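As structure tokens, the structure follows; a few thoughts come after it.
The values are calculated or read from the model by the stated rules, or taken from the named source; none is laboratory data. All values reported here derive from a predicted model rather than from experimental measurement. Neighbour counts run over all protein chains shown; Cβ positions are idealised from the backbone, glycine included. Accessible surface is based on the protein model in full, side chains and every heavy atom, while ligands, DNA and RNA are left aside. Shrake-Rupley method; radii C 1.70, N 1.55, O 1.52, S 1.80 Å.
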Amino acid sequence: MISGIFENCVGSKDIEATLKYWNEFGYAEVKRGEFSAEQAKLLYGHASDLTSLRLQNGNSSDHGLVRVMWWKQPRNEGLGDTLPVVEGSRWFASLTQDIYAIADAFADDKANGGDWIYTEPVRGIEFVGNVGTGLYNRFVGVREMFVIGKETRQAFFQRYNYDRPGYGTINRDSGLLVSEGTHSSFITSDHSLTSFYTEVFGLVPSENNPKLSGYKNPSTRQILMLDEGQEFYLSVFASPKTNVGVFQVYSPLYPTSDRREYAQPGSLGISLFTYQVEDIGAFHQRAIASNATNVTPIVPNEFGEPSFGLIAPDGMYWVIIG
């Protein structure tokens, strides 16, 4: 029924500067569209003139795209330098060929005035892998890092001693050899509400759901910038049609600030995920009958595609694309 998380949408102050940034990661513009403030209010809940660019990484056209959204009057400054694990936080991840090339690029840019928060690459084992014990029993897992900027929140990972065909296709024309978005994540306070994504969105839950993780895992502690004692539940959901476009939900088992207002359409930075379905009419009726709120009519989006918006029970805004 669906192809997973279709787009990771980024609110931008400077559309050309943002496009230049994403070009370094192998994304190129494939569509451009515009909305009036009235049209944007209906679909996105924010009244501002809008120009959007759809960016595709290599040949990956079914999932993990980036949409740059330039709002004439942004709703707010977005998540900014907010740390990863607060309610409403969003990010997405991509596979890379050389995690240290990514780390060096951000370190060099920061040393010359770039405004970044990032973690150093660290070995990680969450669902796949085992620790290495020597030359003949090598580490199996990933190295990963997290980057926060004014208009982006991204994780990057590199695999070691295993493969997962189709889960991330590295664009050889990318300056930093990075794939499309392989999985998208957000933080919600009530993990029981994740049932919405299986019952209404039709996603397939991992057999490990929900998994307890957090500060006890040294790599997770570093990547997500956790303090002592901070744990969370993590659930992973996949499309029934593909093993990419995966969606992850984290729920901290400790109080956090509520930043959902700063991660919705009109906000700068990562502020929306879109979800593609085959029969948008049937999906619209399912959404209306569910416990979603603010379900909009089906209207053409700025690219002319049938779309509608909704607020999931966890308070996160989604746009569904036919």
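For the reader, a short list of remarks on this structure follows.
- Residue within region 194-205 that is crowded, with 21+ Cβ neighbours inside 10 Å, modelled with pLDDT of 95 or more, out of contact with any Pro (no Cβ under 6 Å at 6 or more places or on another chain) and of a type outside the set (S, T, Y) present: no
- Region 1-36, residues that are among the small types (G, A, S), open to solvent by 30 Å² or more (accessible area, probe 1.4 Å) and more than 25 Å from L177 (Cβ to Cβ): S36
- Check on I117, among the β-branched types (V, I, T) and within 28 Å of E261 (Cβ to Cβ): yes
- Answer residue from region 44-63, given it is open to solvent by less than 10 Å² (accessible area, probe 1.4 Å) and over 20 Å from the mean Cα position of the chain (by Cα) and is farthest from I5 (Cα to Cα) among those: S48
Listed here are the residues, each with its yes/no results for (1) crowded, with 18+ Cβ neighbours inside 10 Å; (2) under 29 Å from G166 (Cβ atoms).
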site: P210; (1), (2): yes, yes
site: P218; (1), (2): no, no
site: M225; (1), (2): no, no
site: Q230; (1), (2): yes, no
site: L234; (1), (2): yes, yes
site: F237; (1), (2): yes, yes
site: F247; (1), (2): yes, yes
site: Y250; (1), (2): yes, yes
site: D258; (1), (2): no, no
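- On the stretch given as region 202-233, residues that are aliphatic (A, V, I, L, M) and touching a Gly at 6+ places or on another chain (Cβ under 9 Å) total 4.
- Positions within region 28-54 being within 28 Å of A238 (Cβ to Cβ) and without any contact (Cβ under 8 Å) to a residue 40 or more places away in the chain, in sequence order: A28, V30, L53
- A count restricted to region 141-184 and to residues that are over 19 Å from S219 (Cα atoms), of a type in the set (D, E, K, R) and open to solvent by less than 10 Å² (accessible area, probe 1.4 Å) stands at 1.
- Checked against (1) more than 28 Å from S257 (Cα to Cα); (2) within 17 Å of the chain's Cα centre (by Cα), V66 meets all criteria but (1).
- Counting the residues of region 227-258 that are polar (S, T, N, Q), closer than 25 Å to V200 by Cα and touching a strand residue (DSSP E or B) at 6+ places or on another chain (Cβ under 7 Å) gives 5.
- Selection of strands (runs of 3 or more DSSP E) fully inside region 212-322 by the criterion of at least 3 residues being closer than 30 Å to G141 by Cα and touching a Phe, Trp or Tyr at 6+ places or on another chain (Cβ under 7 Å) returns 231-238, 246-252, 269-277.
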